[in-house]
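Only one structure is covered here, and it is reproduced in the block below.
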Amino acid sequence: MHREFYLGNLWRWKCGLKERTLPEYGKAPSIDFLERTQWDDQFARLMKNRLILGCLRYGRNKSIQNSDLEKRDYRIDIMRRARLYLHTGDIEQLVDIANVALLEFVKQRKRGVKMQSTEDAYHTPDVKEN
């Protein structure tokens, strides 16, 4: 029910039509509200700042639009940084993981790889309280 509702409202929003509401929950949240509450501007700013700093530090040829992306396996770096984050708890690693994931995404998109939506395939487990 909720998936069909969401996709229907997404289609309506894209077409400029008024969104429908879920009767059992009252008014459904607007797309504007969801955009404001489901994103963190500071995280995005840190991502962008680190990418820009890397470009200044290593030169413009290290751009994410550069074909140099093909020479690297970013999946290994994502896993290395994730292990480092789990070991140290340093949230800087989360920003770096996001940027490296962006590089991998651009690399795969340039290869023509299409995104296959698997939104319901895996959900982050809740933390169990003692």
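Only the coordinates and a few stated rules stand behind these numbers; no lab work does. It should be emphasised that the depicted structure is a prediction, and the values quoted were computed from it without experimental measurement. With ideal geometry, Cβ positions are generated from the backbone for all residues, glycine too; neighbour counts draw on all protein chains shown.
Hey, what do the phi angles of the stretch 106-113 turn into as Karplus ³J(HN,Hα) couplings, whole Hz, using 6.51/-1.76/1.60 and θ = phi - 60°, x for Gly and Pro?
Those phi angles translate into 4, 4, 5, 4, 5, 6, x, 6 Hz.
Mind checking which of LEU94, ILE78, GLN108 is farthest towards the positive end of the stretch 41-110's charge dipole, using Cβ charges of +1 (Lys, Arg) and -1 (Asp, Glu) about the Cα centre?
Most positive-ward Cα: GLN108.
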